[in-house]
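> A single structure is presented below for examination.
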Amino acid sequence: MEAVETSSNAIAEQERAGAETKICKVKFLRSNSEPVTVEYEPGVTPYHEHGKEGSLLDIALNFGVNLEHSCGGNCACTTCHVIVKQGEENLTEMDEDEEDRLYMADGLTLHSRLGCQCVVTGDITVEIPDVLDFIRHGSGS
């Protein structure tokens, strides 16, 4: 009986090893800067410190991409606001807390998300808005 369990475990391990690894490409756009594209393997990398595990904020900070996050990724501010340019279907659905908080973001669009709350599940391109542009151009001057 023990030999059967061992061989079943060995088969399961081989299947996991042979399974195709899913790599997500996350592209960050920022005005006056070159785009930055990183490759992210969901569930494998040690992300969990900034917002939800595997969120845009979590990925950005783990790859050295600056994305403001005054509240530490707790959905208590809007400084990690991003605009999804491509791949919106590759983010988890917006929950009520994110939706309520998002309405306070400068430069809100129909494709806005909070980087700390949306978890990446596939390839995505997002723009990190320049808050100073909103202040300069949004005040009517």
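Bear in mind these aren't lab numbers, they're just calculated from the coordinates by the rules spelled out. This one's a predicted model, so the numbers in the text were calculated from it and none came from an experiment. Cβ: placed from backbone, ideal geometry, glycine included. Neighbour counts: every protein chain shown.
> Enumerate the whole-percent occupancy of each 5 Å bin, from 0 to the last occupied one, for all C-alpha pair distances of the stretch 21-138.
Per 5 Å bin, starting at zero, the Cα-Cα P(r) for the stretch 21-138 comes out as 2, 13, 24, 27, 20, 10, 3, 1, 0 percent.
> Sticking with this one: Mind checking the full-extension length gain between residue 92 and residue 49? Use 0.36 nm per residue of separation minus the Cα-Cα distance, one decimal, nm.
That works out to 13.7 nm of additional length.
> For a protection proxy built on the mean count of beta-carbon atoms within 10 angstrom, sort 28-35, 108-115 highest first, please. Kindly include the intermediate steps, with their values, before the conclusion.
Details: 28-35: 12.5, 108-115: 18.5.
Final packing ranking: 108-115, 28-35.
> Taking +1 at the Cβ of each Lys and Arg and -1 at the Cβ of each Asp and Glu, which of 87, 54, 37 sits farthest along the dipole of the stretch 21-138 towards its positive end, judged by Cα position relative to the Cα centre?
Of the options given, the answer is 37.
> Moving on. Tell me, what is the percent relative contact order of the stretch 21-138, built from C-alpha pairs under 8 Å that lie six or more residues apart?
33
> What is the dipole size for the stretch 21-138, taken about its Cα centre, with +1 at each Lys and Arg Cβ and -1 at each Asp and Glu Cβ, in debye to the nearest 20?
On the way: 9 positive and 21 negative charges, 77 e Å.
I would put it at about 360 debye.
> Below 8 Å between Cα atoms, with a sequence gap of 6+, how large is the relative contact order for the stretch 79-129 in percent? The partial results should precede the final answer.
Values: 75 pairs, mean separation 31.7, N = 51.
Reported relative contact order: 62 percent.
> Let me ask something additional. Counting other C-beta atoms within 10 Å, which of 128, 83 has the fewest, and how do the rest follow?
Result, fewest neighbours first: 83, 128.
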